[in-house]
Amino acid sequence: MATRDEGRARRNLLIAVGAATAAVVAGAVAGIKRLFDPHVVPHAMGGPMFVFTIEGEQGERVRVMGSGKALQSATYLDERRWDLPFEYYRAFDVALGDDLPRAEDGMLDVLMLGGGGFSWPKHALHERDGVRVDVVERDPAMVEAARKWFFLDELEETRHVLRDGRMRIFTDDAAAYLRGCSKRYAAVINDAFVGDKPVESLLGSEALGNVRRCLLPGGIYVINVPERAGNSKRLQQVADAVEAALGNVRVLPCTDEELSDDDNYLVIGSNESMGT
């Protein structure tokens, strides 16, 4: 049984997280009518994590996950729950075109660094039969939340992706996974964040060298890079680092006008020349 002090501390925590949630929504999500159905995960590795539902101007409902001052994942709640609410998620599909290298059995193998609410893996595995996705998410609380509130459990039960080997989940640090990785992928997608900043250890020369080693010839490395409007410093740094490691780079704008005030870009690198 919790003591009075423990109960008071938990109430204070919930109040603090609730205030942070309101600040995040006010600053990061435009055009919402109301916020409701909040949930708090106090034991997440990056500090308290919140999950709540927003209602847009057209009555659409989107469940979002956030930590600190950043929104980290989202899902629709109706028949569109397999669709992608963020523009940069949809840009992942654009980046993974039909010309990527396949495994010997014809499957497209993708490594996802940072699972969050599993929005893109959930979409890809539900909509595309020829895809296998390995997801590296270091925080077990994130995986638990994805199953509880973001329909990962429904994907596993109805599409049998774990049983059939089309999805594997590794609770591990992404840089450590890359160091020990022996599999080669058509694409490595980096959507790993600490708050609103990409994980720095994945942008250094060691990690980028390990990405290069894990890619099939003609494979791609895709990094989601958010920037404050009008500021491209971080984008330039990431693009330069990826080009130095892989030899080829291009940038795909994917700013979301409805759910973010940031500019979003995908930096896409490859060990072979890419089309424009």
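The values are calculated or read from the model by the stated rules, or taken from the named source; none is laboratory data. Please read these numbers as outputs of a predicted model, since none were measured by experiment. Every residue, glycine as well, gets a Cβ built from its backbone with ideal geometry; the counts of neighbours run over all protein chains shown.
Those residues that are loosely packed, with under 15 Cβ neighbours inside 10 Å and either touching a Gly at 6+ places or on another chain (Cβ under 9 Å) or aromatic (F, W, Y) (or both), I need them from the range 99-144; list them, please.
Matches in the range 99-144: D99, R102, G106, G130.
Counting only residues that are of a type in the set (D, E, K, R), in a helix (DSSP H, G or I) and over 23 Å from S67 (Cβ atoms), how many does the range 130-175 have?
4
Would you confirm, using the coordinates I've provided, whether Y177 is surrounded by fewer than 20 Cβ atoms within 10 Å (Cβ to Cβ), of a type in the set (S, T, Y) and under 17 Å from the mean Cα position of the chain (by Cα)?
Yes: the conditions hold for Y177.
Of the numbered conditions (1) closer than 20 Å to D263 by Cα; (2) modelled with pLDDT of 85 or more; (3) among the aliphatic types (A, V, I, L, M), A70 fails exactly one; give the number of that condition.
(2)
Being of a type in the set (A, V, I, L, M) and in the same structural domain as E55 (by TED's automatic domain parsing) is the requirement here; does L100 meet it?
So L100 fails the test.
Of (1) buried (at least 16 other Cβ atoms within 10 Å of the Cβ); (2) aliphatic (A, V, I, L, M); (3) modelled with pLDDT of 80 or more, M45 satisfies all except one. Which?
Unmet for M45, out of (1) buried (at least 16 other Cβ atoms within 10 Å of the Cβ); (2) aliphatic (A, V, I, L, M); (3) modelled with pLDDT of 80 or more: (1).
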